[in-house]
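Here's the structure we're looking at; comments come further down.
A short reminder: the numbers here are calculations on the coordinates, not readings from a lab. Treat the numbers as computed from the prediction; the structure is a model and nothing was measured. Because the Cβ atoms are built from the backbone with ideal geometry, glycine has one as well, and the counts that use them run over all protein chains shown.
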Amino acid sequence: MTRDPHSSPERPATTVPGARPSSAVKCPRCLFLANGCLCADIPTVVTRTRVVIVRHTLERHRSSNSGRLAHLALPNSVLIDHGGTEGPAVMPPLDGAWLVYPSGDPWHTCPSPPPRQLVVLDATWSQARRMFRKLGALRGLPILRLPDVAAPKERLREAPSPDRVSTIEAIAGALRLVEEDAQATILEDLFRRAVQQAAATGRNVSRSPTLDEL
């Protein structure tokens, strides 16, 4: 199922069981607590390259999911849910698409010709590996492996190894290769703002310099 970032919310506002009502209501768009809503900080990032985000359905309602934030910021993006009652992801035409995935040798410059689309798997790493194996539409796509970068100290989640980055950071890194630094920097700033806002509203964040987000 595809999602329009400007359409109505996926579900109504929710409350956290056992929490005070004034602090437990979640924004239905960004999924942050209403008293720390991130929507006003979500920019519009215009890109030539279309970004196809394939999200595992278990990520759909997780406030720590950064693929959702990327989709909200990128008008030239599509969000497709995979698994659960949604069934396998129904992929759009992938002409000129590259898959952003940590396999093979890293790219340090833009491929020629540049990708017209970037496909990004939005899931935990174990889920992403299964999606990579099972989604037939991904077979044969050239792979854009990003160069390793130093991870920021604060993360929304821990990761299995220090070279694993969040979905929005992967999108930023790919756009830095195929377009300009400006788009990447805006998305990275949005992620940092999300981590700060999560910490400010009492959510646990990882502060290890060797851990990245799932």
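Overview of results
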item: Extension gain from residue 41 to residue 112, taking 0.36 nm per residue of separation minus the Cα-Cα distance; result: 22.1 nm
item: Residues 39, 30, sorted so that the one with the fewest Cβ neighbours within 10 Å comes first; result: 39, 30
item: Whole-angstrom gap from the range 168-196 to the range 49-128, using each part's C-alpha centre; result: 14
item: Neighbour-count ranking [beta-carbon atoms within 10 angstrom, fewest first] of 171, 42, 53, 143; result: 143, 42, 53, 171
